[in-house]
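Asks: Can you read through this structure? Questions will come right after.
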Amino acid sequence: MRCGVPRGRHVVKIAAAQPDIFRATARFHGTFLVADSTDSPRLFAPGIEGEIYFGLGEEDPFTPPDVIGTVKQAFDAGPATVSCRLHEDTDHGYAIPDTGIYNKTATDEKWYAIFAMFRTAL
């Protein structure tokens with residue numbers, strides 16, 4: 001059996017479709033979190049249960065303050081416990097090691113938060 005990790009907005013969509021299975025969900029340096037499409041992650045907030053973590057770059061053009069506010073508001077209104085962590089001095093893709101924008105401190109903080117969420121939610 002192969003096990004895949006859903007990417008992008010599909011993480012939130014799948015977690016909302018299977019709340020009895022997905023008790024902890026993480027999304028970092030996301031794109032199109034607020035979109036005018038039917039698969040916009042914010043629209044799935046009512047279906048997410050358990051916990052969800054968003055790791056965001058402070059200087060990420062895909063997650064300006066208004067997008068972060070909209071995402072947080074949507075998930076705060078749902079049943080899940082949401083954590084939106086804005087990592088200072090980071091850009092989109094800050095957790096990818098072989099790039100010029102890699103930020104080890106932010107990446108370590110992200111993984112620490114995700115594993116802590118796994119310990120409490122799973």
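The values are calculated or read from the model by the stated rules, or taken from the named source; none is laboratory data. Being a predicted model, the structure only gives us computed values, none of them experimental. Because the Cβ atoms are built from the backbone with ideal geometry, glycine has one as well, and the counts that use them run over all protein chains shown. Note: areas computed on protein heavy atoms with side chains; ligands, DNA, RNA excluded. Shrake-Rupley method; radii C 1.70, N 1.55, O 1.52, S 1.80 Å.
Asks: For C84, what residues show an amide H to amide H distance below 5 Å, using hydrogens built from the backbone and excluding near sequence neighbours?
Replies: Correct list: F54.
Asks: If the elastic network links every pair of Cα atoms under 10 Å, which of F75, F32, F54 fluctuates the most in the Gaussian network model of the chain?
Replies: Of the options given, F32 has the highest mean-square fluctuation.
Asks: Then there's this: So for the pair S37, D20, with labels modelled 7 Å out along Cα→Cβ, what separation do we get in nm?
Replies: Taking the simple label geometry, S37 and D20 are separated by 3.0 nm.
Asks: Something else about it: In terms of solvent-accessible area of protein heavy atoms at a 1.4 angstrom probe, what is the ranking of Y102, Y112, Y53, highest value first?
Replies: Y112, Y102, Y53
Asks: More than 23 angstrom separation, counting every C-alpha pair in region 1-98; what % is that?
Replies: Summing the P(r) tail past 23 Å for region 1-98 gives 21 percent.
Asks: How many nm separate the modelled label positions at E59 and K72, each set 7 Å beyond the Cα in the direction of the Cβ?
Replies: Result for the modelled spin labels: 2.1 nm.
Asks: Which residue, P79, P46, P97, has the most motion in a Gaussian network model of the chain that connects Cα atoms within less than 10 Å?
Replies: Of P79, P46, P97, the Gaussian network model singles out P97 as fluctuating most.
Asks: Determine the share of the chain's accessible area contributed by carbon and sulfur atoms, expressed in whole percent, with a 1.4 angstrom probe.
Replies: 56 percent
Asks: Using Cα pairs under 8 angstrom and six or more residues apart, how large is the relative contact order of region 1-93, in percent?
Replies: The normalised contact order for region 1-93 reaches 29 percent.
Asks: Once phi is turned into ³J(HN,Hα) by the Karplus curve 6.51 cos²θ - 1.76 cosθ + 1.60 with θ = phi - 60°, what whole-Hz value does each residue of region 10-27 show in order, with x for glycine and proline?
Replies: 5, 4, 5, 4, 5, 4, 6, 6, 10, x, 6, 9, 8, 9, 9, 10, 10, 9
Asks: Could you report the accessible area of I96 in Å², rounded to 10, computed with a 1.4 Å probe on the protein chains as they sit in the structure?
Replies: 70 Å²
Asks: Rounded to the nearest whole Å², what accessible area per residue is found for the chain with the 1.4 Å probe?
Replies: 59 Å²
Asks: I want the local charge near E58. Using Cβ-Cβ distances under 11 Å, sum +1 for each Lys or Arg and -1 for each Asp or Glu among the other residues.
Replies: Here the charged neighbours net out to -4.
Asks: When the convex hull of the C-alpha atoms of region 43-109 is computed, what volume per residue in Å³ does it have?
Replies: Enclosed volume per residue, from the Cα hull, is 90 Å³.
Asks: Using a Gaussian network model of the chain with C-alpha springs under 10 Å, which one of A24, A95, A77 is most mobile by mean-square fluctuation?
Replies: A77
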